[in-house]
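Student: Handing you a structure now.
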Amino acid sequence: MVGLLVLIVIIVFPPILAPLAHDNDSPRSAIRGEIYKSGHPYQSFFALITKHDYRDKDYGQLYNVFWFNYDSPTGQTATLCYTKELETEKYEVSCGTGP
């Protein structure tokens, strides 16, 4: 019974909680928000985000993002995202797949 309840929570709550949890108040939250906005609420919670050493003066800090994209023929999506802090203590995100 407890296992069924946990399964229901895992299935139902990510799409509901994603807009509240990913509020752009940190770089990782902003990246997860971009994944959510692209139509992937579950992946926004389970994406692996690692900070890269590189920082661009125009785009901000570079992050490597690995997540499963069911829309992609290969499934795995390695994405490069830059986050830049705005004046309002929120983060702007710019993502791409890189070269």
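The values are calculated or read from the model by the stated rules, or taken from the named source; none is laboratory data. What you are looking at is a predicted structure, and each value in this text was computed from that prediction instead of being measured. Please note: Cβ atoms are built from the backbone with ideal geometry, for glycine as well, and neighbour counts cover all protein chains shown. When the accessible area is computed, the model is the full protein with side chains, heavy atoms only, and any ligands, DNA or RNA have been set aside. Shrake-Rupley method; radii C 1.70, N 1.55, O 1.52, S 1.80 Å.
Student: Mind giving me the nanometre distance, one decimal, between the label points for PHE68 and ASP25, set 7 Å out from Cα along Cα→Cβ?
Tutor: In this crude label model, PHE68 to ASP25 measures out at 3.0 nm.
Student: Can you send over the solvent-accessible area of TYR42, 1.4 Å probe, protein chains only, in Å² to the nearest 10?
Tutor: Counting only protein heavy atoms, the figure is 80 Å².
Student: Taking the Cα-to-Cβ direction at SER94 and at ILE16 and moving 7 Å from each Cα, how far apart do the two end points lie in nm?
Tutor: Rounded to a tenth, the inter-label distance reads 3.8 nm.
Student: On to the next question. As I understand it, the value is the acute angle between the Cα axis of helix 2-21 and the longest principal axis of the Cα atoms of the chain; what does it come to in degrees, rounded to 10?
Tutor: Roughly 30 degrees, rounded to the nearest 10.
Student: Out of the total accessible area of the chain (probe 1.4 Å, heavy atoms of protein only), what percent is carbon and sulfur? List each step's numbers first, then the result.
Tutor: Numbers: 4120 of 6730 Å².
Accessible surface attributable to carbon and sulfur in the chain totals 61 percent.
Student: List the GluC sites (Glu not before Pro) within segment 40-99 that DSSP assigns to loop and that have no more than 16 neighbouring Cβ atoms inside 10 Å.
Tutor: Details: sites: GLU85, GLU87, GLU89, GLU92; in loops: GLU87, GLU89.
For GluC sites (Glu not before Pro) across segment 40-99 that sit outside H, G, I, E and B with at most 16 neighbouring Cβ atoms in 10 Å, the list reads GLU87, GLU89.
Student: Please give, to one decimal in nm, the separation of the simple spin-label points placed at LYS37 and LYS51, each 7 Å out from Cα toward the Cβ.
Tutor: Going from the LYS37 label point to the LYS51 one covers 2.3 nm.
Student: Tally Lys and Arg at +1 and Asp and Glu at -1 over the other residues with C-beta under 15 Å from the C-beta of SER38: what net charge comes out?
Tutor: Working: positive: ARG32, LYS37; negative: GLU34, ASP71.
That sum, taken over residues with Cβ under 15 Å, equals 0.
Student: Using the heavy atoms of the protein chains alone and a 1.4 angstrom probe, what is the accessible area of the chain per residue in square angstrom?
Tutor: Values: 6730 Å² over 99 residues.
About 68 Å² of surface per residue is accessible.
Student: By how many degrees, between 0 and 90 and to the nearest 10, does the Cα long axis of helix 27-37 differ from the longest principal axis of the chain?
Tutor: Taking Cα atoms only, the helix is inclined about 60 degrees.
Student: Which of PHE45, PHE13, PHE68 moves the most in a Gaussian network model of the chain with Cα springs under 10 Å?
Tutor: For the chain, modelled as a Gaussian network with Cα springs under 10 Å, the answer is PHE13.
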